[in-house]
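These notes concern the structure reproduced below.
The values are calculated or read from the model by the stated rules, or taken from the named source; none is laboratory data. Since the structure is predicted, the reported quantities are computational estimates derived from the model, not experimental observations. Because the Cβ atoms are built from the backbone with ideal geometry, glycine has one as well, and the counts that use them run over all protein chains shown. Heavy atoms of the whole protein, side chains included, go into the accessibility calculation; ligands, DNA and RNA do not. Shrake-Rupley method; radii C 1.70, N 1.55, O 1.52, S 1.80 Å.
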Amino acid sequence: QVQLVESGGGLVQAGGSLKLSCEASGRALSGGTMGWFRQSPGTGRTFIASTNSLITDYADSVKGRFTVFRDTAKNTVYLQMDSLKPEDTAVYYCAADRGPGGVFERHYEYWGQGTQVTVSS
């Protein structure tokens, strides 16, 4: 079993930055995919970014503003969020898959509990 714990959420003004962290514990995820999703009230979880040994992918809405990177030694994945906008306000979830992952929730086996990000205008 794998446990994922996110941290780093909070309140920030528009144009500001936040860095989210997601630490994986339990069974190792070497070779797998780590991803980030977000969920606003009344909507489903939407893909933000993912990374594995072959490819790093971003949703169009965050390209050029968000960066995902992984520290395999620490079994941790990060999401650096810059130039934040009010529409980025959501609960952000970390996800992990032992395979190639993808852009839908069903592509991931494990999920964190989520961390709230609020961007004020």
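Residues that are open to solvent by less than 20 Å² (accessible area, probe 1.4 Å) and either acidic (D, E) or over 13 Å from the mean Cα position of the chain (by Cα) (or both) within segment 105-121 comprise just one, V119. Just name the residue that is nearest to S120 (Cα to Cα) out of those in segment 1-47 that are open to solvent by less than 30 Å² (accessible area, probe 1.4 Å) and of a type in the set (V, I, T). Checked segment 1-47; the qualifying residue nearest to S120 (Cα to Cα) is V12.
Within the set A59, A14, A49, A24, the sole residue that is touching a helix residue (DSSP H, G or I) at 6+ places or on another chain (Cβ under 9 Å) and not aromatic (F, W, Y) turns out to be A14. Considering only segment 80-102, I want to know if a residue exists there that is without any contact (Cβ under 8 Å) to a residue 40 or more places away in the chain, part of a strand (DSSP E or B) and not aromatic (F, W, Y). No, segment 80-102 contains no residue that is without any contact (Cβ under 8 Å) to a residue 40 or more places away in the chain, part of a strand (DSSP E or B) and not aromatic (F, W, Y).
Among the residues of segment 62-104, those that are modelled with pLDDT of 95 or more, open to solvent by less than 50 Å² (accessible area, probe 1.4 Å) and charged (D, E, K, R) comprise R65, D88.
Going by the structure shown, is S50 surrounded by 19 or more Cβ atoms within 10 Å (Cβ to Cβ), modelled with pLDDT of 95 or more and not hydrophobic (A, V, I, L, M, F, W, C)? Against the criterion (surrounded by 19 or more Cβ atoms within 10 Å (Cβ to Cβ), modelled with pLDDT of 95 or more and not hydrophobic (A, V, I, L, M, F, W, C)), S50 qualifies.
Applying a threshold of 6 Å to beta carbon distances and a minimum spacing of six or more residues, or different chains, the list of pairs starting in segment 5-18 at a residue that is under 22 Å from A95 (Cα atoms) and ending at one that is open to solvent by 60 Å² or more (accessible area, probe 1.4 Å) and among the acidic types (D, E) reads V5/E23.
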